[in-house]
Amino acid sequence: MIVIAIEGGLVQSVSSDDPAEVGKTVTIIDYDAEGADPDEVERVPQGRGRTADATISSHEVGRLYGAVAKFLRAERKAEGDRKRPALRLVTKPLTAEQVRRMAVNGELTVAVLLDLDELGVGRDCLNDAVSERITDSTDALEDISYVPVGVKGGSVIVKVCASVANWLERETKDAPTEGGPA
């Protein structure tokens, strides 16, 4: 068995309980290339002349700890060893027939891309919350941009880029000077 451990959408390790696999190199193709450094993005052939943006990384297969392997085998057995379909990214509305083909026992599981503005949170409210989370001040960050980079539990991990020059200047003026009033 080969196990790929992911946290926050990023590959943390690749391991196996098969000694013949340990030490081999595996290649991960991640089609979630949004927000990646442009130098890291490759055009990956998809067949029929099409390509898709992706990042490509290599990982050495390490040894899977026995307790983890035992746990995973038990989980697999409990599920009846059923294969889970790959998560499909929906980029345009599906027809009823497409939904019918993709649904399993009347349940549909897909991924969708949502712009931050589509989440129902006003941009000003989001900016204040992010600024406060980072600096404990709602007015510290300016010209803020966001790029979702991963998921942890039920939360989205977001890369934040912002100007802090004005806030740092205000903080410097308001900070007590050495030997001055405290």
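The values are calculated or read from the model by the stated rules, or taken from the named source; none is laboratory data. Please read all numbers here as calculations on a predicted model, not as lab measurements. When we count neighbours, we look across all protein chains shown, and the Cβ atoms used for this are built from the backbone with ideal geometry, even at glycine.
Tabulated results
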| item | result |
| --- | --- |
| Contacts under 8 angstrom Cβ, first residue in the range 136-148 being under 12 Å from L126 (Cβ atoms) and surrounded by 13 or more Cβ atoms within 10 Å (Cβ to Cβ), partner modelled with pLDDT under 85 and β-branched (V, I, T), 6 or more apart | L141/V130; L141/V160; I144/V130; I144/V160; Y146/V130; Y146/V158; Y146/V160 |
| Residue that is surrounded by the most Cβ atoms within 10 Å (Cβ to Cβ) [pool: residues in the range 1-18 that are in a loop (DSSP other than H, G, I, E, B) and touching a residue at least 24 places away in the same chain (Cβ under 8 Å)] | D17 |
| D53 being part of a loop (DSSP other than H, G, I, E, B) and either outside the structural domain of C161 (by TED's automatic domain parsing) or among the acidic types (D, E) (or both) | no |
| Filter result (part of a loop (DSSP other than H, G, I, E, B) and of a type outside the set (G, A, S)) within the range 19-28 | P19, E21, V22, K24 |
